[in-house]
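S.K.: Sharing a structure here in structure tokens format.
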Amino acid sequence: MSGNADALTWVSSPAESLRGEIRVPGDKSISHRAVMFASLGDGVSHISGFLEGEDTRATARAFAQMGVRIDTPSASERVVYGVGIDGLKAPSAPVDCGNAGTGMRLLAGLLAGQTFDTTLIGDESLSKRPMRRVIDPLAKMGARIESSGAGLPPLHIYGGTTLRGIDYTLPVASAQVKSALLLAGLYAQGETQVHEPHPTRDYTERMLRAFGYPIEFSEGHARLSGGHRLRATNVVVPADFSSAAFFLVAASIVPGSELILRDVGMNPRRTGLLHALRLMGADIREANAREAGGEAIADLVVRYAPLHGIDVPVELVPDMIDEFPALFVAAAVATGTTRVTGAAELRVKESDRIAVMAKGLRALGARIEETPDGAIIEGGALHAGEADSTGDHRCAMSFCVAGLVAAGSVRVLDCANVATSFPGFFEFAKSCGFRLD
């Protein structure tokens, strides 16, 4: 342990080879939305494969606070007794989103259309994350949302306002902002249209359709009208591609490895890392491709392969924004130079991920030059050392992957937040050959 009582430290050591079959936990983005839409649906919805993470449980608690009965018959299962689109009740206390930026931004849109006031709060990390990008366009629809001075949480959302649909072009591609506007649009008079500079994840659109809400969407564009209802449905949540990413990179860089990752969500707006790794020479193939609940899923078979540096195609960036910490590790041990551009969004995630990954990998001997919207990474060998995740779950797991191929053990600081997105990572990792203590 380091100074902070919660600042869990892990030690990752060089591994022999990674082998086995795993099914990583359910997709976080889909789990959030499944609870939200099931709560607003007419009737009882059953969710299987629900991610038992702190973020998604925070979203479920938020709806329980607003009068929705949510049962847990077993781990990764939820039965949600929907109250209808107009059936939420005022919570008696502030709604705590924990570490979930997705939860807070989507709730901001959803709650802007209610008859009651709500206050959204979060943990220390979430309280530093910018909310202006969602507050400003919602204000154009008529929402009244107050934040702390710099557009940071807590957010106080005033109920009883009349929302109007707008035709809005996002200045920066963001699935969370798009989703917040569409959720506000459920309660708005007239039509809400959202246009994006690059297509982003379309989970909200696909799931609204699965719950029977009329919506039109194509790459980079979505349109709906207010005043319709959602029908209860059953949702099967696929395994989270972002969680699979650490194992895709690990098995690609540890000699002798062969891993099978089961039931991975293959939404094309999520799989940018898969394409980037293949461009670097990775040996990853898809098996048993199929569809569940409107989402493509497949088993991924990944074998060790020597990687080389690439210029990451800028069009892949929005489809791999959460996977960059893992990509940085792949690039740090590949032959040659990898250049990342167009990823300024990484500066405002749970941490400044470019800075955190650059500093941590430099401490292990990597040569990385930061740029405002990315990095230039010279591949080479890593040595033993200490990497500080600064409480960012994805950076923590990425540094654990780096330790597998370093010349000695890597101490990874501040790992407690891994449970927000990937409960059980430590056990999953050890089961397939990670050396973690």
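The values are calculated or read from the model by the stated rules, or taken from the named source; none is laboratory data. In this text, all values refer to a predicted model and were calculated from it rather than measured experimentally. No Cβ is skipped: glycine too gets one built from the backbone with ideal geometry, and neighbour counts run over all protein chains shown.
S.K.: Going residue by residue through segment 384-393, is there one that turns out to be at pLDDT 95 or above, in contact with a Cys (Cβ under 8 Å, 6 or more places away or on another chain) and under 26 Å from G26 (Cα atoms)?
M.R.: yes
S.K.: Please verify whether L300 is assigned to a helix (DSSP H, G or I) and either aliphatic (A, V, I, L, M) or surrounded by fewer than 21 Cβ atoms within 10 Å (Cβ to Cβ) (or both), treating the condition exactly as stated. Give the derivation first.
M.R.: Details: assigned to a helix (DSSP H, G or I): no; either aliphatic (A, V, I, L, M) or surrounded by fewer than 21 Cβ atoms within 10 Å (Cβ to Cβ) (or both): yes.
Spelling it out, it is not the case that L300 is assigned to a helix (DSSP H, G or I) and either aliphatic (A, V, I, L, M) or surrounded by fewer than 21 Cβ atoms within 10 Å (Cβ to Cβ) (or both).
S.K.: Within segment 159-176, does at least one residue satisfy the condition of being of a type in the set (F, W, Y), in contact with a Lys or Arg (Cβ under 9 Å, 6 or more places away or on another chain), surrounded by fewer than 23 Cβ atoms within 10 Å (Cβ to Cβ) and assigned to a loop (DSSP other than H, G, I, E, B)? Spell out the reasoning first.
M.R.: Here is the first cut: in segment 159-176, the ones of a type in the set (F, W, Y) are 168.
From what is left, the residues that are in contact with a Lys or Arg (Cβ under 9 Å, 6 or more places away or on another chain) are 168.
Those still in the list that are surrounded by fewer than 23 Cβ atoms within 10 Å (Cβ to Cβ) too: 168.
The next check asks that each one be assigned to a loop (DSSP other than H, G, I, E, B); those that pass are none.
Within segment 159-176 (the criterion being of a type in the set (F, W, Y), in contact with a Lys or Arg (Cβ under 9 Å, 6 or more places away or on another chain), surrounded by fewer than 23 Cβ atoms within 10 Å (Cβ to Cβ) and assigned to a loop (DSSP other than H, G, I, E, B)), the answer is no, since none of the residues qualifies.
S.K.: Scan segment 230-270 for residues that are modelled with pLDDT under 95 and either under 15 Å from A15 (Cβ atoms) or in contact with a His (Cβ under 7 Å, 6 or more places away or on another chain) (or both) and jot them down.
M.R.: Scanning segment 230-270 gives a single hit, N234.
S.K.: Out of the residues in segment 25-49 meeting the condition of being at pLDDT below 95 and outside any helix (DSSP H, G or I), tell me which one is nearest to the chain's Cα centre (by Cα).
M.R.: Here the answer is D27.
S.K.: On to the next question. So G53 ticks every box in (1) within 30 Å of I260 (Cβ to Cβ); (2) at pLDDT 95 or above but one. Which box is left unticked?
M.R.: (2)
S.K.: Next up: Give the residue, chosen from F217, F211, that is in contact (Cβ under 8 Å) with a residue 24 or more places away in the chain, aromatic (F, W, Y) and touching a helix residue (DSSP H, G or I) at 6+ places or on another chain (Cβ under 8 Å). Spell out how you get there, then give the answer.
M.R.: On the way: F217 fails: in contact (Cβ under 8 Å) with a residue 24 or more places away in the chain.
Of F217, F211, the one residue that is in contact (Cβ under 8 Å) with a residue 24 or more places away in the chain, aromatic (F, W, Y) and touching a helix residue (DSSP H, G or I) at 6+ places or on another chain (Cβ under 8 Å) is F211.
S.K.: Starting from residues that are touching a residue at least 12 places away in the same chain (Cβ under 8 Å) and basic (K, R), keep the ones in segment 354-376 and report whichever is surrounded by the fewest Cβ atoms within 10 Å (Cβ to Cβ). Write out each step before concluding.
M.R.: So the first thing to find is which residues in segment 354-376 are touching a residue at least 12 places away in the same chain (Cβ under 8 Å), and the list is 354-361, 363-368, 370-376.
Of the ones still in play, those that are also basic (K, R) are 359, 367.
On the way: K359: 16, R367: 13.
Only one residue fits best here, namely R367.
S.K.: Quick check on this structure: which one of L307, L277 is in contact with a Gly (Cβ under 7 Å, 6 or more places away or on another chain), assigned by TED's automatic domain parsing to the domain that holds I377, under 19 Å from I376 (Cα atoms) and at pLDDT 95 or above? Before the answer, list the steps.
M.R.: Numbers: L277 fails: in contact with a Gly (Cβ under 7 Å, 6 or more places away or on another chain).
Only one candidate passes the filter, namely L307.
S.K.: Now a separate question. Here are some conditions: (1) farther than 29 Å from T200 by Cα; (2) free of Cβ contacts under 8 Å to residues at least 60 places away in the same chain; (3) not basic (K, R). G379 meets all but one. Which one does it not meet?
M.R.: Of everything listed in (1) farther than 29 Å from T200 by Cα; (2) free of Cβ contacts under 8 Å to residues at least 60 places away in the same chain; (3) not basic (K, R), G379 misses just condition (2).
S.K.: Restricting attention to segment 49-85, which residues are farther than 25 Å from G101 by Cβ and hydroxyl-bearing (S, T, Y)?
M.R.: Scanning segment 49-85 gives S74, Y81.
S.K.: Sticking with this one: Before we move on, is L155 assigned by TED's automatic domain parsing to the domain that holds G67, at pLDDT 95 or above and outside any helix (DSSP H, G or I)?
M.R.: Working: assigned by TED's automatic domain parsing to the domain that holds G67: yes; at pLDDT 95 or above: yes; outside any helix (DSSP H, G or I): yes.
Considered against the rule, which asks whether it is assigned by TED's automatic domain parsing to the domain that holds G67, at pLDDT 95 or above and outside any helix (DSSP H, G or I), L155 comes out as yes.
S.K.: Which condition breaks for S351 when tested against (1) small (G, A, S); (2) touching a strand residue (DSSP E or B) at 6+ places or on another chain (Cβ under 8 Å); (3) buried (at least 19 other Cβ atoms within 10 Å of the Cβ)?
M.R.: S351 satisfies all of (1) small (G, A, S); (2) touching a strand residue (DSSP E or B) at 6+ places or on another chain (Cβ under 8 Å); (3) buried (at least 19 other Cβ atoms within 10 Å of the Cβ) except (2).
S.K.: OK, next. Considering segment 134-162 alone, what residues qualify as being in contact (Cβ under 8 Å) with a residue 12 or more places away in the chain, out of contact with any strand residue (DSSP E or B) (no Cβ under 8 Å at 6 or more places or on another chain) and farther than 24 Å from T390 by Cα?
M.R.: V134, G160 - these are the residues of segment 134-162 that are in contact (Cβ under 8 Å) with a residue 12 or more places away in the chain, out of contact with any strand residue (DSSP E or B) (no Cβ under 8 Å at 6 or more places or on another chain) and farther than 24 Å from T390 by Cα.
S.K.: Sort out which residues of segment 50-80 are over 22 Å from the mean Cα position of the chain (by Cα) and not in a loop (DSSP other than H, G, I, E, B), and write them in order of number. Working first, answer last.
M.R.: Start the filter on segment 50-80 by keeping residues that are over 22 Å from the mean Cα position of the chain (by Cα), which leaves 64-74, 79-80.
Correct list: A64, Q65, R69, I70, D71, V79, V80.
S.K.: Can I ask one more? Name every residue in segment 194-240 that is of a type outside the set (G, A, S), assigned to a helix (DSSP H, G or I) and either more than 20 Å from the chain's Cα centre (by Cα) or not assigned by TED's automatic domain parsing to the domain that holds A180 (or both), in order of residue number.
M.R.: Hit for segment 194-240 is R209, nothing else.
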